[in-house]
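K.L.:
Sharing a structure here in structure tokens format.
The values are calculated or read from the model by the stated rules, or taken from the named source; none is laboratory data. If you're wondering where the values come from, they're calculated on a predicted model, not measured in any experiment. All Cβ positions, glycine included, derive from the backbone under ideal geometry; neighbour counts span all protein chains shown. Keep in mind that these areas ignore ligands, DNA and RNA; they rest on the heavy atoms of the full protein, side chains included. Shrake-Rupley method; radii C 1.70, N 1.55, O 1.52, S 1.80 Å.
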Amino acid sequence: MFQRNYETVFILTPVLSEVQMKDTVDKFVDLLKTEGAEIINVENWGLKKMAYPIQKKSTGFYVLVEFKSEPTAIKKLEIELRRDEKVMRFLTTVLDKHAIVYAERRRKGEFNKKTEAKEEPAK
């Protein structure tokens, strides 16, 4: 079977403690690993204010997981995301070649360097 690059962003309920949030993220990462996925990157974006309330909550813990996997693993991941009451929303996308390059550059921090370079005064 062929593997594709995916990215899943999910929002966890803000009532969780830091430990509960990390345990929940680890549960989904471990699920992907048991399905044969290669985890590329896990980013905890922290507690963020949402554009609109979900389940009467205006904030949530945002988490991004980038991975390489077979399409069958996505179905199992999304079933578990739906079953877990701590997950308020999630979105899984397939990354095309341009998105893969962008994600690599973002992980390296290239975009932050460019904004810093622009802030330097011209000579």
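K.L.:
With r as the distance between the Cβ atoms of S17 and T93 and R0 = 25 Å, compute the FRET efficiency 1/(1 + (r/R0)^6) and round to 0.05. Display every interim value, and only then the final one.
P.N.:
Values: r = 29 Å, r/R0 = 1.16.
About 0.30, to the nearest 0.05.
K.L.:
Quick one: if you stick a label point 7 Å off each Cα along the C-beta vector at R83 and E38, how many nm between them?
P.N.:
Each label point lies 7 Å from its Cα, and together they span 2.8 nm.
K.L.:
I want to make sure I understand the PRE zone here: with the label point 7 angstrom from the Cα of I54 toward its beta carbon, which residues in the range 96-111 have backbone N atoms less than 18 Å away?
P.N.:
Taking a point 7 Å out along Cα→Cβ of I54, no residue of the range 96-111 has its backbone N under 18 Å.
K.L.:
I need to check one value: relative contact order of the range 11-80, counting alpha carbon pairs closer than 8 Å and at least 6 residues apart, in percent.
P.N.:
39 percent
K.L.:
Would you work out the charge dipole size for the chain about its Cα centre, treating the Cβ of every Lys and Arg as +1 and the Cβ of every Asp and Glu as -1, and quote it to the nearest 20 debye?
P.N.:
It comes to approximately 400 debye.
K.L.:
Between L47 and T72, 0.36 nm times their residue separation minus their Cα-Cα distance comes to what? Show your work: numbers first, answer last.
P.N.:
On the way: separation 25, 0.36 × 25 = 9.00 nm, distance 3.06 nm.
Answer, rounded to one decimal: 5.9 nm.
K.L.:
Continuing with the same structure: So what's the Cα pair-distance distribution over the chain, bin width 10 Å, in %?
P.N.:
Spelled out bin by bin, the chain gives 12, 38, 31, 14, 4, 1 percent.
K.L.:
Once you've got the Cα coordinates, tell me which of K48/K76; K33/K76; K49/K75; K57/K108; K68/K108; K27/K68 are over 22 Å apart.
P.N.:
K48/K76; K49/K75; K57/K108
K.L.:
Contact order normalised by length for the chain, with contacts defined as Cα pairs under 8 Å and 6 or more residues apart; what percent is it?
P.N.:
It comes to 37 percent, rounded to a whole number.
K.L.:
Could you please state how large a percent of the accessible area of the chain is carbon and sulfur, counting protein chains only and using a 1.4 Å probe? Before the final figure, lay out the partial values.
P.N.:
Working: 4350 of 8250 Å².
Whole-percent figure for carbon plus sulfur exposure: 53.
K.L.:
Note the full-extension length gain between F111 and L31 as 0.36 nm times their separation in residues minus their Cα-Cα distance, in nm to one decimal.
P.N.:
25.7 nm
K.L.:
What does the highest-first list of 89-98, 47-56, 4-13 look like by mean Cβ count within 10 Å?
P.N.:
Sorting 89-98, 47-56, 4-13 by mean packing, highest first, produces 4-13, 89-98, 47-56.
K.L.:
A follow-up question, please. In Å², what does the accessible area per residue of the chain work out to with a 1.4 Å probe?
P.N.:
So the chain comes to 67 Å² accessible per residue, rounded to a whole number.
K.L.:
Here's a follow-up. By accessible area of protein heavy atoms, probe 1.4 Å, what ranking do S69, S17 get, highest first?
P.N.:
S17, S69
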